[in-house]
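Data first, discussion second: the structure below is written as structure tokens.
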Amino acid sequence: MPSDFEGSVDQDGARQAVKRGDAAPFEDIFRKVRPQIKGEIVGQKLEQHLGVWVYEFRVIGPDGHMRYLHFRARTGQPYQVGPAS
């Protein structure tokens with residue numbers, strides 16, 4: 001089954017996405033979304049999902065479970081990955 005993800009980008013790819021206007025700088029989005037994230041952030045990346053640039057945060061929640069939270073890379077608005085997108 002093909003993935004909806006077109007892939008994550010490395011640091012240079014992220015710089016290029018910001019330069020093109022596809023994504024806001026990570027620091028800007030992080031400041032905006034951090035209050036919404038409950039738990040410890042253990043990783044993040046910039047990727048495309050169905051043509052939409054998103055920042056993915058890997059979070060260990062208070063219950064100890066890993067969660068993957070996605071936010072639109074331009075605005076920081078929550079982005080639902082899956083059938084509800």
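Where a number appears in this text, it was derived from the coordinates with a stated rule and is not lab data. Note that this is a predicted model, so its numbers are computed, not measured. Note: ideal-geometry Cβ built from the backbone for every residue, glycine included; neighbour counts use all protein chains shown.
Between residue 65 and residue 38, the simple spin-label model (points 7 angstrom out along Cα→Cβ) gives 1.2 nm.
Local charge for residue 59 was computed over the other residues whose Cβ lies under 9 Å away, with Lys and Arg +1 and Asp and Glu -1, and equals +2.
Restricting the calculation to Cα atoms, the chain shows an Rg/Rh of 0.96 when the hydrodynamic-style radius is the Kirkwood one. Which net charge results for the neighbourhood of residue 21, defined as the other residues with beta-carbon distances under 15 angstrom from its beta-carbon, given Lys and Arg at +1 and Asp and Glu at -1? Its environment carries a net charge of +3. About its Cα centre, the dipole of the chain is roughly 320 debye, where the only charges are +1 on Lys and Arg Cβ and -1 on Asp and Glu Cβ. When you count the other C-beta atoms within 10 angstrom of each residue and take the mean per peptide, 56-67, 37-48 line up highest first as 37-48, 56-67.
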